[in-house]
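The values are calculated or read from the model by the stated rules, or taken from the named source; none is laboratory data. This structure is a prediction, so every number in the text was calculated from the model and none was measured. As a convention, Cβ positions derive from the backbone with ideal geometry for all residues, glycine included, and neighbour counts pool all protein chains shown.
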Amino acid sequence: MALEIEGKIVKIFPQRSGEGNNGTWTSQDFMIEVPGNFPTKAAFDDFNNAAGLQSFQVGDQVKVSFNIRSNEWQGKYITSLRAWRIEKLGGDSSNGGTQQPPVQSNDAAPF
């Protein structure tokens, strides 16, 4: 399931990396603020730089395309919003990531 949301990048977290069953992975979280009567924030994961987050900075107005992932870990479910494309809004057509959502794989989660 691919979804989209628009907002302003308000925080970019440090990049993490590690080793998994499929080799080395990287992950970088970022947070956007979604405008409205009751503005809210949502945190996304740019896994293996699929969305191209390094091309963006805090304050950029963006549209984020993402998939929802939920994994079971020790009897609890962890849900993440995995970004696969980020587009800058407001006249700049630069974007990162792929044009189609990636194939979902359950063995690549860095929990």
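Scanning segment 68-89 finds one or more residues that are surrounded by 10 or more Cβ atoms within 10 Å (Cβ to Cβ), modelled with pLDDT of 50 or more and not in a strand (DSSP E or B). Out of GLY59, GLY52, one residue alone is surrounded by 12 or more Cβ atoms within 10 Å (Cβ to Cβ) and either modelled with pLDDT of 95 or more or under 14 Å from the mean Cα position of the chain (by Cα) (or both). It is GLY52.
Just name the residue that is farthest from SER65 (Cα to Cα) out of those in segment 1-47 that are touching a residue at least 60 places away in the same chain (Cβ under 8 Å) and outside any strand (DSSP E or B). Filtering first and then ranking leaves ASN21. Screening segment 48-67 for residues that are in a strand (DSSP E or B) and of a type in the set (A, V, I, L, M, F, W, C) and picking the one that is nearest to ILE9 (Cα to Cα) gives VAL62. If the condition is being in contact with a Gly (Cβ under 9 Å, 6 or more places away or on another chain), surrounded by 12 or more Cβ atoms within 10 Å (Cβ to Cβ) and over 13 Å from ILE86 (Cα atoms), then segment 12-34 contributes TRP25, THR26, SER27, GLU33, VAL34.
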